[in-house]
1. Taking the condition farther than 30 Å from LYS204 by Cα and either in contact with a Phe, Trp or Tyr (Cβ under 8 Å, 6 or more places away or on another chain) or modelled with pLDDT of 90 or more (or both), does GLN63 pass?
2. Filter the stretch 80-105 for residues that are in contact (Cβ under 8 Å) with a residue 60 or more places away in the chain and either closer than 29 Å to ARG225 by Cα or among the basic types (Lys, Arg) (or both) and give the result.
3. How many residues does the stretch 308-342 contain that are modelled with pLDDT under 85, within 21 Å of THR256 (Cβ to Cβ) and of a type in the set (A, V, I, L, M, F, W, C)?
4. In the stretch 196-240, what residues are under 13 Å from the mean Cα position of the chain (by Cα) and open to solvent by 30 Å² or more (accessible area, probe 1.4 Å)?
5. Answer yes if at least one residue in the stretch 303-317 is of a type in the set (Ser, Thr, Tyr), open to solvent by 20 Å² or more (accessible area, probe 1.4 Å) and under 21 Å from the mean Cα position of the chain (by Cα), and no otherwise.
6. Limited to the stretch 281-291, what total is found for residues that are of a type in the set (Val, Ile, Thr) and modelled with pLDDT under 90?
7. Specify the residue that is nearest to the chain's Cα centre (by Cα); the eligible residues are those in the stretch 134-177 that are aromatic (Phe, Trp, Tyr) and under 30 Å from LEU110 (Cβ atoms).
8. So how many residues does the stretch 283-302 have that are more than 17 Å from GLU337 (Cα to Cα), of a type outside the set (Phe, Trp, Tyr) and surrounded by 12 or more Cβ atoms within 10 Å (Cβ to Cβ)?
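The values are calculated or read from the model by the stated rules, or taken from the named source; none is laboratory data. This one's a predicted model, so the numbers in the text were calculated from it and none came from an experiment. Virtual Cβ from ideal backbone geometry, glycine too; neighbours counted across all protein chains shown. Each accessible area value is taken on the protein alone, full model and side chains, heavy atoms only, with ligands, DNA and RNA left out. Shrake-Rupley method; radii C 1.70, N 1.55, O 1.52, S 1.80 Å.
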Amino acid sequence: MIKFFRKIRQNLLSENKFSKYILYAIGEIFLVVVGILIALNINNTNELEKNKQAVVSSLKEIQSNLLDDIKVSQGFLETYLINDSIQKKIFDFKNPSTIDDFKNKKITELGNYYDDFVINKNGYENLMRQIDVMPKKYEPILKDLKRLYVSLNENINVYNERIRSTVYSNIDFKYSQDWEIYRRKYKQISNEEANYFINDNRYKNYIIKFMNDSENLFDVSMRYRIKAIETYEKIDSLVDIKSSELPLHLLGKVNTNELKEYMGTYQLKGDGDVLKKLYVKNNIIYSDFSDSESNYTATYRNYKLRDNLYLMEYGVWKFNRDSLGGIGIEYTGDPLEFTKIK
């Protein structure tokens, strides 16, 4: 190609066609410029595609992190439910436990350990390093990610530190006593130790404090879980994943048929003005709340945690049945109860 253009130039010069040569030279320069622009455009396109793929890779890594966090939050749920059942026994004043119950390990000691809720931020941190080259298409997800990894993470850290301090103060108190020495010396629990855990209000006050801290950490872990599920689905949409391959229960979704008999309208026990209507849309349980006395209405999304256990924005609840088979709803750690009326 170069020899072809050189031959044309030589012919024009040998024939003294200078004006035509000038036009030819301009044309050749134009072709060179066009070629450079095409090459730059190709390079820019390749660079944009490279940036896009890097961002998509980080978003998918965030999804993987979110899934891990959702699984961890499941553990917090199970731990909270177990601790809640233990505390109910501790504060069962109608059927109080005895010193012998504690010595024979019929009642479990509560508040000896805690679990931090630590979220995985690797994908988010990788994405933030690519923020300057992120295509505008993906910018809407940044608000959701900031909510997860900045606002909620700050709350999580506060409650982690709070329960850590509470548990360590209890451990320090226990080991300032001679109870462990007695156990090792006599291979049994002393009456003094058993009396503390059964009858001493200092222990009961500690349990109130411990459960308050546990509930705060549990609550923020569930709020994080809700936001994680919503963000996971938004990323699916951004990267054009038409249908998530994840199991419904990990995304908090339900099978419509399994809950068919439970859908309908429920009435708050003892208050006929408060109604809760349940229905399923796109595999998500929705609840419409209404209070005719205060003219309050609201719609909430509900997420499946495990069989017959669901999470709403302000509590964990489950379906139950009375002695006659009537369907109702009860909230864990809350006196609210609803009965199905239609």
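1. yes
2. Within the stretch 80-105, TYR80, LEU81, ASN83, ASP84, GLN87, LYS103 qualify.
3. Summing the residues that are modelled with pLDDT under 85, within 21 Å of THR256 (Cβ to Cβ) and of a type in the set (A, V, I, L, M, F, W, C) in the stretch 308-342 gives 1.
4. Matches in the stretch 196-240: ASP219, ARG223, LYS227, GLU230, GLU233.
5. Among the residues of the stretch 303-317, at least one is of a type in the set (Ser, Thr, Tyr), open to solvent by 20 Å² or more (accessible area, probe 1.4 Å) and under 21 Å from the mean Cα position of the chain (by Cα), which makes the answer yes.
6. 1
7. TYR159
8. Number of matching residues: 4.
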